[in-house]
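The values are calculated or read from the model by the stated rules, or taken from the named source; none is laboratory data. What you see is a predicted model, and the numbers here were worked out from it, not measured in a lab. Every residue, glycine among them, receives a Cβ derived from its backbone with ideal geometry; neighbour counts consider all protein chains shown. Only protein heavy atoms, including side chains, enter the accessible area calculation; ligands, DNA and RNA are left aside. Shrake-Rupley method; radii C 1.70, N 1.55, O 1.52, S 1.80 Å.
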Amino acid sequence: MPAFRVLEGWGKLPEGWHYVEAAGVAVDSKDNVYVFNRGEHPVIVFDREGNFLRSWGEGLVGRAHGITIGPEDEVWLTDDGNHTIRKFTPEGKLLLTIGDPDKPATLQSGTPFNRPTHVALSPLTGDLFISDGYGNSRVHKYDPKGRHLFSWGEPGTDPGCFNLPHNIATDAEGLVYVADRENHRVQIFDGEGRYLAQLNNLHRPCGLLIDRREGGQVYVGELGTDLAVNQNVPNLGGRVSILSLKGDLLGRIGDRFRGEKPGQFVAPHGVVTDSRGDLYVAEVSWTAKGRHENPPREIRSLQKFVRVPG
C-alpha cells in the first residue's frame, strides 16, 4: 500500500474562524482543497500548501454533509439539513438545486429526499448518483441537468438493501460503490442499480473514495462504535482502510484506538486524495466526541497525510 506521514497543522484558518467540525473535503483540478464544514463559513478553500484562498456558502447551508467536485471543477454540496443537492461554481455561484429546500420526503418512503448524504458522478455519462441517506434507504440516479431517472434500494440487510447509505463513489468503469454504514459494508452496483458484490470486514464505513489511479483503490473512513459495551475495544473503526477494488485489504491509516494524537482519528467522515496522492481526512469530531464533554470543546477535524515515495 502507499505509505503516508501526517502533516501537522496543515490549513491555517483566518483569525477567529472555526470549523466546528469538517463534514467533507474535496479537491479540484488545481489541487485546491475545499473543506465543507459546520461553522459560520461552510465552504473554506485552501491551496495545496494550506494557504487560505476564500470562503463561501454563508447563510445557505442547513447542515453540511457531503462535497463532490466534478470534472469541470463544479462543486456539488449535499445538505442533509435542508434535503438538497446543489451545484455551484468554484467561487460559490449557485447553478442548480435538486430537491425542495426544507421539505423532506416522508421518512423511509424512498422518495427523494430525506436527509441525503452524498453525490457521485459517472465518469462515462456525467449522471449523478445520490445516497439518501439518514431518512431513506435509497440511491437515486439523475441526469446532469437534474432530472430524476430512477431509484433503487430499500431498508434491510440483504444484497441491494441499505441500513443508512452514507456515502457513494464511482470507479473508472462507472460502477457505483455505496457505503452501507450500519450494515458494515460497501455495496457495488452497475450504473443501472444492479447489485454486483460487496466489500466486507469494515466497521461503520462512512467516508468513501475511489482513487482511480494505479488500477484503482478504495479508501474507506470508518467510524468507531456508538455502543458503551465495546467503546473501549481496539480495532473497531476510527481509521482509514485502503482496499483493492476486489476488497483485498492493502493497509490502514490510524491507530488501534481512536484518539487525538497526530495520525489518530476520532470520526473519519470524508476522504479525498489529490493529484500527487496526498490524503485529506475530514472528521465529525464535535458530533462524535466534543459536544459530549464538560465543557464541550471543538476538536481537530481535518488532517493532511503526505504520500511518501517508495
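Structure values in brief
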quantity	calculated
Cβ-based net charge around F162, under 14 Å, with every Lys or Arg adding one and every Asp or Glu removing one	0
Farthest toward positive dipole pole in the chain [+1 Lys/Arg, -1 Asp/Glu at C-beta], among H118, G290, G24	G290
Mean Cα-pair separation over length for the chain, i.e. relative contact order, pairs under 8 Å, 6 or more apart, %	14
Fraction in percent of alpha-carbon pairs per bin - 10 Å, region 138-273	13, 42, 33, 11, 2
Dipole magnitude of the chain, debye to nearest 20 (Cβ charges: Lys/Arg +1, Asp/Glu -1, about Cα centre)	460
FRET efficiency, 1/(1 + (r/R0)^6) with R0 35 Å, evaluated for F150 and K30 via beta carbons	0.50
Accessible area (Å², per residue) of the chain, counting only protein heavy atoms and a probe of 1.4 Å	43
Calculated FRET efficiency for the pair D143/T106, C-beta based, R₀ 22 Å, to 0.05	0.35
Dipole magnitude of region 149-299 about its Cα centre (Cβ charges: Lys, Arg +1; Asp, Glu -1), debye to nearest 20	460
Orientation-averaged projected area, Cα convex hull of the chain (nm²)	15.0
Euclidean distance between Cα centres, region 84-159 to region 208-247, Å	23
Carbon plus sulfur fraction of accessible area for region 196-309, probe 1.4 Å, in percent	50
Accessible surface of region 1-158, 1.4 Å probe, proportion on carbon and sulfur as whole %	48
